[in-house]
Structure formats: structure tokens, C-alpha cells
Amino acid sequence: MNKIHPGIILRVLGILLCFEALFMFIPTVVAFVYNEPDCWAFLASSIFTLAVGATLAYRLRNCRQAMGRRDGVLLGTSVWIVFALMGMLPFLSINHSFTDSMFETISAVTTTGASIFKDIDHLPHGILLWRCMLQWIGGIGIILFTVAVLPMLNHRGGMILLSTEVSGMGQYKLSPRISQTALRLWLCYFIFTAILCFLLYAGPMNLFDAICHSLSTMATGGFSTHNESIGYYHSSYIEYVITLFTFVAGINFAIIYRTVMTDHQLLFRSEQVKWYTMIIVVCTVVFTCGLFLQGEYHSIEMSFRAALFHICSVVTSTGFSTANTLEWGAFYTLIMLLLMFFGACAGSTSGGAKIDRMVILTKNARNEFHRVIHPNVIRPVLYNDKALSHEAVSRVLAFTIMYVIVWVCGAIVLAAQGATMGEAVYGSLSALSNMGIGIGADAGGYYSDITYGAKWTLMALMIIGRLEVFTVIIIFMPLFWKKS
């Protein structure tokens with residue numbers, strides 16, 4: 001394994017910070033337009049971020065080493081931490097706690113959607129927009145953006161970076177050049193966001209709310225501009241539009257792009273999309289019947305709309321809501337817990353362990369049952385009509401085991417810091433799956449009231465979940481730093 005090259009890592013981080021500063025200028029302008037007091041904090045933060053980024057990029061401009069695997073893994077984690085450190089600066093203007101500001105930023109950039117703010121309705125417009133912009137940037141991936149705009153990353157370095165952040169992209173390459181693939185995925189992401197913004201603005205939303213909600217919806221982040229989330233609008237039109245686009249955001253963007261541009265049947269042949277759709281349909285039918293029969297809603301349409309909206313919101317880890325689903329009962333909470341665990345499709349903006357892994361685990365378990373009766377028969381695991389290697393299945397098993405271990409360890413640490421059983425188990429999985437929904441007597445204020453230790457625990461879980469476990473954990477293992 002090649003040695004680590006800190007120069008090239010810091011140079012890429014510097015260039016990325018310059019882009020973050022440019023993004024930060026947008027809410028700066030908004031804050032000045034609304035004449036709000038945080039405008040100067042935004043301006044100072046963007047200038048400082050630009051200065052730091054430009055200094056790193058210029059001083060290390062001669063570092064041009066080829067990026068190795070360890071460089072990619074270390075950069076893959078460093079990007080998110082450094083981006084969050086600079087991104088949290090504007091939050092210090094209205095919330096002087098470093099921990100709370102960092103929590104809000106990491107929650108945003110990992111598209112978790114957990115917030116320490118109880119009164120979102122009265123937050124400044126610049127802060128509201130910046131929260132949603134952070135989610136949008138983190139949704140399709142900071143590293144994917146980095147690869148798209150930095151031709152300095154060679155093909156191998158780009159692929160290493162992408163593998164640390166976005167699962168499920170390798171089998172759907174859109175171009176021989178990895179930078180072109182990343183650029184096309186970002187283009188697809190931008191077009192869907194623009195369409196959604198137009199549709200929301202055509203409804204009862206004003207332009208500012210439409211922009212913020214389109215950013216957070218396509219990122220499956222769930223930050224809203226109101227305390228009541230989507231329930232604030234009391235609009236079936238808004239709910240159906242957002243449901244449709246959360247469903248789209250839960251599909252592998254590479255599959256969507258190839259379906260539109262070249263292989264028009266790919267979306268309908270994809271096994272993970274079939275399972276994803278089937279799970280949503282079955283759960284929606286069960287929830288609709290249950291909610292209507294127990295009298296939660298007065299009509300089948302209202303029950304159907306609430307069921308479909310919240311199932312899509314949970315399975316894609318978006319976290320939007322129109323009702324307090326805890327009041328529906330334990331049955332619905334447990335089902336949503338399972339949906340939260342597996343999430344949507346690989347290569348989407350959603351969190352969770354991903355449906356493709358669930359499909360592979362299910363098929364492998366079925367083969368194990370078959371081997372009990374016919375131990376000498378070889379039955380490969382078929383996925384998209386192709387036999388998976390034993391190594392591929394082993395990776396899925398290893399990932400799932402590690403995912404559960406991290407979930408349990410997170411729950412234990414939270415419980416040790418005073419969380420109840422439900423808060424610890426649900427909160428740990430919510431952060432790890434980048435869902436962001438709290439649980440407890442006051443679910444809405446759960447994250448603002450917990451201890452600083454619990455907040456840092458949840459922040460670690462958010463990053464581990466966003467980078468799919470191994471990328472973060474391996475950095476803390478001796479074998480990563482050992483020269484070989």
C-alpha cells in the first residue's frame with residue numbers, strides 16, 4: 001500500500017473550501033436583502049473560508065502526486081469534517097455554542113435533518129437557506145462534486161474517492177471518464193431540484209420556501225422552514241409533489257440518467273428499484289387500511305396520503321412529516337424502524353444500509369435454507385440476473401454486521417449518558433441512517449435538550465452512516481497507518 005500524501009489531500013481540501021465560500025456567498029446576499037443581523041456573520045465566514053481555502057490551494061499548488069487508496073480514504077472523511085467546520089461558522093452568530101453549531105452543520109451536510117433549533121419559524125432567512133444548501137450539497141455528495149470539478153484527480157483517484165462516499169455507482173458508469181460521470185449525476189440532480197422548485201412555487205409556497213424545500217427534498221435531508229414541517233401548509237398538492245420527488249430521490253441517480261438518455265428499460269429491469277417500489281406499495285396499503293380503521297383519518301384518501309407521505313419520507317431518510325407518527329401506535333413505529341434501517345436504493349441521496357444489500361442478504365439466506373436439504377448443490381446469489389461472487393456477498397454480510405454493531409454501540413453510549421431505552425435505540429439508528437427523527441415525550445426538542453456528549457456521539461454516527469461505516473472506522477485502525 002502506498003504512503004499517504006498529505007500535500008495532495010490538503011490541496012484538494014483547499015480548493016473545496018474555495019467552492020464552499022462561493023456557495024456561502026448566496027445566503028450572504030439573501031441575509032443582506034432581508035436586512036437581517038446575521039448578514040455580516042455570513043460575509044465574514046465566507047471571506048475567512050475563501051482565505052483559508054485559497055491559501056492551502058496556492059501554497060500546495062505544486063503537489064501533484066497520484067492519489068492512492070489510503071489518500072482517498074483519508075480525504076473522503078476529511079472532506080466532510082473540514083466542510084462542516086467552516087460551514088458551521090454562520091451558526092455561531094445566532095447560537096454561540098460550538099457543539100450545537102457543529103451538530104446543526106453535520107446534521108445538514110450528512111442530510112440527517114436533526115436540529116437543535118426549536119423555533120425554526122423565527123430563524124433568519126440566510127440561516128434557513130444555508131441549512132438547506134448544506135443538505136443539497138451533501139445529498140448527492142461533496143466528494144462527487146469534488147471529482148466533477150477537479151480534473152486534477154486521475155481516474156483511479158476519482159474512483160477511490162467515489163467508493164468512499166457513494167455506493168452502487170460503479171456498475172452504472174455513465175462515461176469512461178469518472179469526472180464526466182460525476183458531472184452528469186450532478187446535472188441530473190440539479191434538473192430534478194429545479195423542476196421540484198417550480199412545482200412547489202406553483203402551489204401555496206412562496207419562492208423562498210419553494211427553494212429551501214426543493215433543496216432539502218432532493219437531498220432527502222428534511223430541513224424545513226417551519227416548525228410544523230410540511231404540515232404547516234395543509235396542502236394535499238404539496239404533500240403529493242414532495243412524496244413523488246422523495247421517491248425519485250431514493251432511486252440510484254445513475255439508473256435514472258441512463259434510463260432517460262440511453263437504456264429506456266433499465267429502470268424497470270433494476271432489481272433494487274423493483275424491491276424499493278414493492279416495499280413502499282405494500283407498506284402504504286397496510287398503513288392506509290390500519291390508519292383508516294383505527295380512526296386516525298376521516299377518509300381513505302387522507303389515510304392513503306398520510307401513509308404514502310410518511311413511508312416515502314422514512315424509507316428515503318428524508319424526515320419530513322405532516323403528523324406525529326408516534327401517536328399512530330407501536331406497530332407503525334416498528335415498521336418505520338425497519339424501513340429506516342435499510343433505506344432506499346444504493347446510489348441515491350438516501351441513508352440506511354440500502355435495499356440492494358437487503359435483497360442480497362435475503363437471497364443468500366434463502367440459499368442457506370436450500371443447502372440444509374441439498375448440501376452439495378451450488379446455488380449462486382443472483383442479482384439483476386447476474387451471479388455474485390462469494391467475495392461480493394461476504395462484503396455485504398460484513399457491512400451489515402458492522403452496521404448493526406455501530407448501531408448497538410451508539411445506543412449503549414447514548415443510554416450511558418441518560419437516554420431512555422427508546423431514545424437510545426431509535427436515536428442511534430436515526431443518526432446512523434441519516435434520518436434525524438428523535439423519539440421521546442418531546443420528540444421535536446429531543447436534540448436540543450440532550451447532553452453535549454450525546455450530541456457528539458450522534459455527530460459521529462451521522463458521519464459514519466453517511467460514509468457507510470468502513471471508510472471512517474478504518475482510519476482508527478493500526479493497519480491503515482502501517483507502512484507496507
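The values are calculated or read from the model by the stated rules, or taken from the named source; none is laboratory data. If you're wondering where the values come from, they're calculated on a predicted model, not measured in any experiment. Every residue, glycine as well, gets a Cβ built from its backbone with ideal geometry; the counts of neighbours run over all protein chains shown.
So the values come out like this:
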quantity	calculated
Complete set of residues in region 76-92 that are closer than 19 Å to Met24 by Cα and surrounded by 21 or more Cβ atoms within 10 Å (Cβ to Cβ)	Val79, Trp80, Val82, Phe83, Ala84, Met86, Gly87, Met88, Pro90, Phe91
Count of region 122-139 residues which are farther than 16 Å from Gly222 by Cβ and either touching a Gly at 6+ places or on another chain (Cβ under 6 Å) or in a helix (DSSP H, G or I) (or both)	4
Of all residues in region 276-300 being in a helix (DSSP H, G or I), surrounded by fewer than 18 Cβ atoms within 10 Å (Cβ to Cβ) and in contact (Cβ under 8 Å) with a residue 24 or more places away in the chain, the one that is farthest from the chain's Cα centre (by Cα)	Gly290
Hits in region 433-446 - residues which are in contact with an Asp or Glu (Cβ under 9 Å, 6 or more places away or on another chain), surrounded by 15 or more Cβ atoms within 10 Å (Cβ to Cβ) and either more than 16 Å from Trp407 (Cα to Cα) or modelled with pLDDT of 80 or more (or both)	Gly440, Tyr446
Sole residue being surrounded by fewer than 22 Cβ atoms within 10 Å (Cβ to Cβ) and in contact with a helix residue (DSSP H, G or I) (Cβ under 8 Å, 6 or more places away or on another chain), chosen from Val359, Val372	Val359
Qualifying position, being within 28 Å of the chain's Cα centre (by Cα) and of a type in the set (Lys, Arg), among Arg379, Arg395, Arg366, Arg371	Arg395
Among residues of region 231-245, those that are polar (S, T, N, Q) and either crowded, with 21+ Cβ neighbours inside 10 Å or in contact with a strand residue (DSSP E or B) (Cβ under 9 Å, 6 or more places away or on another chain) (or both), counted	1
Only one of Leu326, Leu337 that is part of a helix (DSSP H, G or I) and closer than 24 Å to Val396 by Cβ	Leu337
Hits in region 314-352 - residues which are in contact with a Phe, Trp or Tyr (Cβ under 9 Å, 6 or more places away or on another chain), closer than 21 Å to Cys188 by Cα and of a type in the set (S, T, N, Q)	Thr316, Ser348, Thr349
Of all residues making up region 1-57, the number that are in contact (Cβ under 8 Å) with a residue 40 or more places away in the chain and part of a loop (DSSP other than H, G, I, E, B)	9
Odd one out for Arg11 among (1) within 23 Å of Thr110 (Cβ to Cβ); (2) surrounded by 21 or more Cβ atoms within 10 Å (Cβ to Cβ); (3) not polar (S, T, N, Q)	(1)
Matching residues, region 208-221, being out of contact with any Leu (no Cβ under 9 Å at 6 or more places or on another chain) and part of a helix (DSSP H, G or I)	Ser216
Within region 58-75, considering residues that are outside any helix (DSSP H, G or I) and in contact (Cβ under 8 Å) with a residue 60 or more places away in the chain, the one surrounded by the most Cβ atoms within 10 Å (Cβ to Cβ)	Met67
